[in-house]
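The values are calculated or read from the model by the stated rules, or taken from the named source; none is laboratory data. This structure is a prediction, so every number in the text was calculated from the model and none was measured. Here the Cβ positions follow ideal geometry from the backbone for every residue, glycine too, while neighbour counts run over all protein chains shown. Side chains included, ligands, DNA and RNA excluded: accessible areas come from the protein's heavy atoms. Shrake-Rupley method; radii C 1.70, N 1.55, O 1.52, S 1.80 Å.
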Amino acid sequence: MVSGREKVFQGDGVSSGLVLGQALKLDSHNRVILKIPVDNVEAEVRRYKRAIEASKEQLVVLKSRLEEKVGREHSVILDAHLLMLEDRALNAGILAGIRSGRTNAEWAVSQVRDQLVQAYESLDDEYFRERHSDIEDVAERILLNLSGGKPVDWESLPRDLIIVSRDFNPSNFATMDLQKVRGLALESGGRSSHTAIISRGLRLPAVMGVPDFLSAVVSGDTILLNGDEGQVILHPTRRRV
């Protein structure tokens, strides 16, 4: 039975299993990126290039860790991200944005990201349409290195977690503590996404494409996740106004 305080959300069950846990809300993609003029354009270019190199180094390490967890057939997914970081057209577009607009690297990255995501989302083929998430993952890593942000500190977190987010970067599986995470509930993505593929490889229950879910959840809420039925039942742990 579902009580009056509980809410039921329907998505796409991409990895089977029934699990109960507490929500850990990750919402990094809501970062605010401002257009900031820069005086020294070439210094900004160098800052961007340093972020690219740092991203490459991180992905090489993460690929090795992911291979240990789920095997080479899944870790090669990060090869696509490495290739994107070396893509001439992608880098040329971002560098052109910095130089012609005399603006900060974060803004240039976000503009090119949005253009590419829009192009991918307009495709008819579901497999290629899902590849827009790879663009977002790579851009988020670059932005993280530009800002000096830090990834999730899993050691300090409790057990029995259900990750709740807009999406979930495949490279995050390499650092995630699988002893603490019981499932994924994501607003975006589908069965053919890399995140879904790795979830099935790990036998980690996952429901993706859950509309209007993030705004209803805070970390600590209790969640019953049904990867077989594509259903997420949310039980808030605090009084809502």
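Pairs with C-alpha atoms separated by more than 27 Å, drawn from the list Lys7/Lys180; Lys35/Lys180; Lys35/Lys56, are Lys35/Lys180. Straightening the chain between Ala80 and Leu178 buys 32.9 nm, computed as 0.36 nm per residue apart minus the Cα-Cα spacing.
Taken over the Cα atoms of segment 183-241, the convex hull encloses 83 Å³ per residue. For segment 1-107, the solvent-accessible area with a 1.4 angstrom probe is 58 square angstrom per residue. For the chain, a Gaussian network of Cα nodes joined below 10 Å ranks Asn104, Asn91, Asn40 by mean-square fluctuation, and the top entry is Asn40.
Remark on segment 137-241: ratio of C-alpha radius of gyration to 2.2 N^0.38 Å is 1.09. Here the Debye sum runs over all C-alpha atoms of the chain as equal scatterers in vacuum, and log10 of I(q)/I(0) at q = 0.08, 0.09, 0.16 Å⁻¹ comes out as -0.32, -0.41, -1.16.
Annotation: extensible slack from Arg46 through Val152 equals 35.5 nm (criterion: 0.36 nm per residue apart, minus Cα-Cα distance). Averaged over residues, the count of other Cβ atoms within 10 Å places the peptides 83-89, 9-15 in the sequence 9-15, 83-89, highest first. For the pair Glu68 and Ile33, label points projected 7 Å from Cα toward Cβ lie 3.2 nm apart. Expressed as a fraction of 2.2 N^0.38 Å, the C-alpha radius of gyration for segment 12-111 is 1.42.
When +1 charges are put on Lys and Arg Cβ atoms and -1 charges on Asp and Glu Cβ atoms, the dipole computed for the chain relative to its Cα centre reaches about 680 debye.
In sequence order, segment 111-116 has phi-based couplings of 5, 5, 4, 4, 5, 5 Hz under the Karplus curve 6.51 cos²θ - 1.76 cosθ + 1.60, θ = phi - 60°, and Gly or Pro positions carry x. By accessible area, using a 1.4 Å probe on protein heavy atoms only, the chain has 50% of its surface on carbon and sulfur.
The DSSP beta bridges internal to the chain are antiparallel in roughly 60% of cases. Computing FRET efficiency as 1/(1 + (r/R0)^6) for Tyr127 and Ala89, where r is the C-beta to C-beta distance and R0 is 25 Å, gives about 0.75.
The slack between Ala216 and Ala54, meaning 0.36 nm per residue of separation minus the straight C-alpha distance, is 54.8 nm.
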